[in-house]
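In what follows, a structure is listed as structure tokens, so that the remarks can point back to it.
The values are calculated or read from the model by the stated rules, or taken from the named source; none is laboratory data. These figures come from a predicted structure and were not determined experimentally. Here Cβ is always computed from backbone atoms with ideal geometry, including for glycine, and neighbour counts include all displayed protein chains.
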Amino acid sequence: MRILLGLIFWCVLISIAAVGRSTAQSVEIQIGDGAHDSSPYICWTPVLSRARLLSKSSTAQQHLTLSAVSTDSSGNVAFQLNGAEVLDKKSYSPSSTLSLPLPSNGAWASFWIMGTKASTGAKDVRVIALDDLGLELGSVDVMVRVRKNAESLTRFEVQIFLDALKKLHDIQNSAASSDYEPFVRIHEAANQLEIHRSPLFLPWHRALLLDLERRLQQVDPRVTIPYWRFDEPADHVFSDDFMGATVPGVPFVSGPGLGDWIDPQMGRLIRDPAVAPSQGVLDPAVPANFHRAFVIFHSQIESSFHSGVHRNLGGWLATADSPADPLFFLLHANVDRVWAHWQATYSRFSGNDEDAYSALGKYPGTGPDAGIYRKGTYADDPMWPWGYPDPAEASGWPSTSHQMPGISSKSEAASLTPARMLDYLGSEQASSALGYCYDDIDYLGRPLK
């Protein structure tokens, strides 16, 4: 009996020690640069991260295993050791676990982490550092945050998106204090310049989407801009609880979703659809059906895939003030998504490739579009309104400027060029990624679902 009681006693002590060891953080894990709240939010693009011992060890180094647990079977991640090479799609080789040696002096050891399955509106992935006995030494919660098909969003995902949108917009309906209203005025001011009917159409609207998305994420970091697939039925999107029921011949009445959306200058939201958008407006866009060269592709996607949707929806969406209707951003996210698939199909990510962007270099440029367009359109020109803080440099663009979140200096603003917008996933180099992904195309450009 004494022997049995002794064994039980020692088992209890070992269990207590194990619990203490598994709950005490002896390893720090830092996702990304760790400098801001967006660090634990990743997508498919590999993000350089690091780990270290919180106290010095007597051994030369300690090996740990990185793994991940999904708290609700939604999101998931993978890992890759950080070698000397520049990580791109050619050197991309993720695994579900990673053996990582940590220096005994507490120095950082770096690794790559990448999303493999999208989260559902929360940090639902726990990255765990385990020792050789399988005991937890440290952890950090991560969200695999990607742009999703608006029709497939959960009720919770719809709600956090709408809440962030309303908070950005609803400043007592004052145009002077709203963080949303400038997007309407920017688009209106640039509409007669070269954001349409030029090669700038796609990268400029990609930057506009990114700007709004980053502002929404300042309100709620879990949010992305969903895309509306206007080639498919979308009853969920056009419901009272989301973008609002939109029926031909019936005046638009906003329900609890948009909550009586009002523009400070134009009043209540107006739509006047020629067809029921919930049933799909256009035929599906297949990248292989578009031309391989950007000089033709950008005209095809703008005229045949984009402009007709604006016209069919009518109301504000058929005017230069179209961003006043939040549906504008879901529409353009889908245009951007199709461009992303085209880029992956033909490997069109380089700002030095005329087939990826037809107005090369700086104004007056080279390539097929040399000398045709104004300054601000060419691959290495800063884009208005982010890259022209000095009105004297604006070359015919409006004299106002607009600072994109995450851009803190004039030199950074000058780097917001059409070329910078091309490699959005960091396919050529992970560090050049723009920080967003789509739920139906992975880092290697392979269709998902």
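Residues in the range 310-329 that are among the hydrophobic types (A, V, I, L, M, F, W, C) and surrounded by 21 or more Cβ atoms within 10 Å (Cβ to Cβ): L313, W316, L317, A324, L327, F328, F329. As a summary of the residue check, I407 satisfies the conditions (1) assigned by TED's automatic domain parsing to the domain that holds P182; (2) closer than 21 Å to P46 by Cα except for the one numbered (2).
The single residue among S395, S415, S427 that is hydroxyl-bearing (S, T, Y), without any contact (Cβ under 8 Å) to a residue 40 or more places away in the chain and either under 30 Å from V144 (Cα atoms) or crowded, with 18+ Cβ neighbours inside 10 Å (or both) turns out to be S415.
Filtered by the rule that a residue be surrounded by fewer than 20 Cβ atoms within 10 Å (Cβ to Cβ) and assigned to a loop (DSSP other than H, G, I, E, B), the range 355-366 gives D355, G361, K362, Y363, P364.
Would you be able to say whether some residue in the range 266-283 is assigned to a loop (DSSP other than H, G, I, E, B), buried (at least 19 other Cβ atoms within 10 Å of the Cβ), of a type in the set (V, I, T) and at pLDDT below 85? So far as the range 266-283 goes, yes, one or more of its residues are assigned to a loop (DSSP other than H, G, I, E, B), buried (at least 19 other Cβ atoms within 10 Å of the Cβ), of a type in the set (V, I, T) and at pLDDT below 85.
Counting only residues that are touching a helix residue (DSSP H, G or I) at 6+ places or on another chain (Cβ under 8 Å) and among the charged types (D, E, K, R), the range 132-162 holds 3 of them. For the range 213-220, the condition holds for no residue, the condition being that it is touching a residue at least 12 places away in the same chain (Cβ under 8 Å), over 13 Å from the mean Cα position of the chain (by Cα) and crowded, with 20+ Cβ neighbours inside 10 Å. In the set H298, H291, H306, only one residue is modelled with pLDDT of 85 or more and either of a type in the set (D, E) or in a loop (DSSP other than H, G, I, E, B) (or both); that residue is H291. Taking the range 236-245 as the range and being under 20 Å from H306 (Cα atoms) and either in contact with a His (Cβ under 9 Å, 6 or more places away or on another chain) or not β-branched (V, I, T) (or both) as the test, the residues that pass are F238, M243. Just one of the listed residues (V253, V223) is at pLDDT 90 or above, among the β-branched types (V, I, T) and on the phi < 0 side of the Ramachandran plot, namely V223. You will find that of L81, L66, L135, the residue that is of a type in the set (A, V, I, L, M), farther than 26 Å from D220 by Cβ and crowded, with 20+ Cβ neighbours inside 10 Å is L66 and no other.
Residues in the range 49-60 that are surrounded by 15 or more Cβ atoms within 10 Å (Cβ to Cβ) and either β-branched (V, I, T) or touching a Ser or Thr at 6+ places or on another chain (Cβ under 6 Å) (or both): 1 in all.
Considered as a group, the residues in the range 71-115 that are of a type in the set (A, V, I, L, M) and not in a strand (DSSP E or B) include one that is modelled with the highest pLDDT, and that residue is A107.
Taken over the range 426-442, residues that are assigned to a loop (DSSP other than H, G, I, E, B) and hydrophobic (A, V, I, L, M, F, W, C) amount to 3. Inspection of the range 150-162 finds no residue satisfying the criterion of being in contact (Cβ under 8 Å) with a residue 24 or more places away in the chain, crowded, with 16+ Cβ neighbours inside 10 Å, at positive phi and not in a helix (DSSP H, G or I).
Mind checking which residues of the range 353-374 are of a type outside the set (S, T, Y), touching a strand residue (DSSP E or B) at 6+ places or on another chain (Cβ under 7 Å) and at negative phi? Correct list: E354, L360. Report whether or not W386 is out of contact with any strand residue (DSSP E or B) (no Cβ under 7 Å at 6 or more places or on another chain), assigned by TED's automatic domain parsing to the domain that holds V184, assigned to a loop (DSSP other than H, G, I, E, B) and over 26 Å from I42 (Cα atoms). The answer is no for W386.
Somewhere in the range 330-346, is a residue buried (at least 22 other Cβ atoms within 10 Å of the Cβ), over 30 Å from M243 (Cβ atoms) and among the hydrophobic types (A, V, I, L, M, F, W, C)? No, the range 330-346 contains no residue that is buried (at least 22 other Cβ atoms within 10 Å of the Cβ), over 30 Å from M243 (Cβ atoms) and among the hydrophobic types (A, V, I, L, M, F, W, C). Residue pairs whose Cβ atoms lie under 6 Å apart, sitting 6 or more positions apart in sequence or on different chains, and linking a residue in the range 189-211 that is among the aromatic types (F, W, Y) to a partner that is part of a helix (DSSP H, G or I), are F201/H298; F201/E302. Using the structure shown, decide if F242 is farther than 20 Å from C437 by Cα, touching a residue at least 12 places away in the same chain (Cβ under 8 Å) and either in a helix (DSSP H, G or I) or under 25 Å from the mean Cα position of the chain (by Cα) (or both). Yes.
Give D369, D381 a once-over and let me know the one that is more than 27 Å from the chain's Cα centre (by Cα) and crowded, with 20+ Cβ neighbours inside 10 Å. That would be D369, the only listed residue that is more than 27 Å from the chain's Cα centre (by Cα) and crowded, with 20+ Cβ neighbours inside 10 Å.
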